[in-house]
């Protein structure tokens, strides 16, 4: 069985056994350098994945109903978030954008078959009128900070029919999903490069080593020039659970 087949089979099994009904099944999928960096020290984006790993990313997109990034990723990388290098359907593109900074010229405004969903906070002011927007604004109740609160945001996505979600970044978004124990699985592409830049995972606020999120069981294999690491994410030694 090829690496691509292994990951597809594993994801299918995990999604089938997922029991929570208040949010989607969530997979973190991102590429990083060998030292954990995803950008240079100046914040510049670098193409890290080899062609085979890039195909895997597109395969993963096809295996999820939604794909989510933060607004900083949109502003810096202008991603398309489509499936172009694998046979499959495009997932629903979703952006976390608390201040409604989505640029009208972005690729996500010209998606081939879906209108991008922008998750924002209540009373956020858009720079364009609703009639001019090429995306759908979904408001989430504002908490004490201006960031889009992930727990109610994920509940809204599930209500809108998103049962599986792929989170591609950036670093702040990946960190927040891990900090809240919301990610169920991870697929990491590790490129044989050293960037010495910003890391994929930031401060998780952990004071007890027993609370560190960990991958178990863990699988890994080489794909092209890269090392692919994947597995289930566990917190306190178990899968994530609904809030009590």
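The values are calculated or read from the model by the stated rules, or taken from the named source; none is laboratory data. This is a predicted model, so every value here is computed, not measured. Quick reminder, even Gly has a Cβ in these numbers, built from the backbone with ideal geometry, and neighbours come from all protein chains shown.
So which residues in region 135-159 are closer than 16 Å to residue 65 by Cα and exposed (fewer than 15 other Cβ atoms within 10 Å of the Cβ)?
159
Do we have residue 13 as within 24 Å of residue 121 (Cα to Cα) and either surrounded by fewer than 19 Cβ atoms within 10 Å (Cβ to Cβ) or touching a residue at least 60 places away in the same chain (Cβ under 8 Å) (or both) here?
Against the criterion (within 24 Å of residue 121 (Cα to Cα) and either surrounded by fewer than 19 Cβ atoms within 10 Å (Cβ to Cβ) or touching a residue at least 60 places away in the same chain (Cβ under 8 Å) (or both)), residue 13 does not qualify.
Quick grid of which residues meet (1) out of contact with any helix residue (DSSP H, G or I) (no Cβ under 9 Å at 6 or more places or on another chain); (2) under 19 Å from residue 178 (Cβ atoms):
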residue: 2; (1), (2): yes, no
residue: 32; (1), (2): yes, yes
residue: 49; (1), (2): no, no
residue: 81; (1), (2): no, no
residue: 87; (1), (2): no, no
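Looking only at residues in region 54-79 that are touching a helix residue (DSSP H, G or I) at 6+ places or on another chain (Cβ under 7 Å), without any contact (Cβ under 8 Å) to a residue 60 or more places away in the chain and closer than 16 Å to residue 39 by Cα, which one is surrounded by the fewest Cβ atoms within 10 Å (Cβ to Cβ)?
Of everything passing the filter in region 54-79, 78 is surrounded by the fewest Cβ atoms within 10 Å (Cβ to Cβ).
Would you point out which residue out of 60, 48, 3 is within 18 Å of residue 220 (Cα to Cα) and at pLDDT below 95?
Details: 60 fails: at pLDDT below 95; 3 fails: at pLDDT below 95.
Checking each option against the conditions leaves just 48.
Does any residue of region 160-168 turn out to be closer than 20 Å to residue 77 by Cβ and at pLDDT below 95? It would help to see each step written out before you state the result.
Just the residues of region 160-168 that are closer than 20 Å to residue 77 by Cβ, to begin with: 165-168.
Cutting the leftovers down to at pLDDT below 95 gives us none.
There is no residue in region 160-168 that is closer than 20 Å to residue 77 by Cβ and at pLDDT below 95.
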